[in-house]
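Inspection log for the structure reproduced underneath, given as structure tokens.
The values are calculated or read from the model by the stated rules, or taken from the named source; none is laboratory data. Everything quoted here is computed from the prediction, not taken from an experiment. Reconstructed Cβ throughout: ideal geometry from the backbone, glycine too, with neighbour counts over all protein chains shown. Remember, those area values only see protein heavy atoms, side chains included, never the ligands or the DNA or RNA. Shrake-Rupley method; radii C 1.70, N 1.55, O 1.52, S 1.80 Å.
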Amino acid sequence: MFDGVSFQNEPYTQKSSYKRGTKHTQTINPYKFKINATWSLSINGKSTITITNSSTAPEIAIALLKLRCINTKNKNAIKLSNKIIEEVKLTDEEIDEILMENNENNKVFTEKIIKTIEKYKDDTTSTIARIIGKHCNRESPNNVKKRREIRRKITLNLLEKEDLITKMQTEQRICLILDNYSIHKSAFIKKIALHLNITLIYLPPYSPHLNPIEQIWRQMKREIKHHYLESREFLQELTIKTYKKSIYKTKVHDKWLETFITKVWKLTIFSKIMANSHRHNLKMKK
């Protein structure tokens with residue numbers, strides 16, 4: 001099972017927790033911060049939790065890499081996976097440098113603006129300004145889509161460069177059950193999963209009750225809200241600590257396995273028996 005969630009403090013609200021060690025005193029941290037956590041709950045393997053900056057496709061790809069790495073036997077493949085995980089964690093400054101290298105030079109960009117003005121000279125000033133604004137936004141280092149695209153390209157290039165794809169095909173396949181979050185179904189994530197020998201199995205739409213991770217998230221949030229969250233780093237450490245505590249204490253996946261997988265398996269066997277019986281009866285009639 002695979003899913004993600006965010007944890008955050010709630011400044012300036014009455015939902016903030018009391019600081020431990022004090023009585024009838026509500027201490028509120030005025031600074032708002034949050035973290036994103038992507039978690040895999042394994043039945044036959046090792047579970048992972050990955051703290052990410054966002055829930056975007058490049059960050060989820062890192063979570064998949066960590067899941068594959070911790071459930072891999074080949075030591076060389078593990079070493080390469082860890083290397084890729086570190087290299088894809090680009091800082092904002094490093095992305096800025098790549099964008100500056102790839103951006104069009106001033107001459108090309110100026111020619112594009114001049115052509116736009118000539119093409120739309122008969123239109124209103126607002127139309128020309130809007131189109132020029134689009135050109136500027138595409139070339140801006142702050143363009144979110146361009147920054148994410150760079151992360152996606154680097155991740156795929158590293159996987160192909162290090163020949164990790166070939167090594168992972170010899171490892172035991174991972175079957176991952178996840179919801180229909182749009183990024184989970186993106187072409188990029190599907191390609192990453194294919195390279196890492198991970199099969200993605202999507203739950204039916206609007207069925208969070210079929211994913212036992214949802215219950216773990218609720219338990220963790222109940223536990224975390226009782227703490228005074230002094231900083232983002234503290235929240236990150238507390239999340240990992242609460243996760244480990246929850247996963248060892250809770251056997252929610254055992255109940256899920258019995259409720260769904262065992263029943264489906266029994267129904268599948270029963271359906272096969274009935275189908276074989278039906279074919280046998282048809283042959284007897286002939």
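Note on exposure: 69, 175 ranked by accessible area (1.4 Å probe, complete protein assembly) read 175, 69, with the most exposed listed first. Convex hull volume of the Cα atoms of segment 195-243, normalised per residue: 133 Å³.
The local environment of residue 205, defined by Cβ-Cβ distances under 12 Å, has a net charge of 0 under the rule Lys, Arg +1 and Asp, Glu -1.
For segment 110-221, the Kirkwood estimate of the hydrodynamic radius, built from every pair of different alpha carbons, is 18.4 Å. A probe of 1.4 angstrom, applied to the heavy atoms of all protein chains, finds residue 93 with accessible area near 120 square angstrom. Ranking of 195, 209 by solvent-accessible surface, largest first: 209, 195 (1.4 Å probe, protein heavy atoms only, all chains present). When the pairs 73/153; 83/225; 146/190; 185/244 are compared against a 30 Å limit on Cα-Cα distance, 83/225 fall above it. The accessible area of residue 100, taken with all protein chains in place and a 1.4 Å probe, comes to roughly 130 Å². For 182, 231, 81, the ranking by accessible surface with the largest value first comes to 182, 231, 81, using a 1.4 Å probe.
Stretching residue 115 away from residue 214 to a fully extended chain increases their span by 30.3 nm, per 0.36 nm per residue minus the current alpha-carbon distance.
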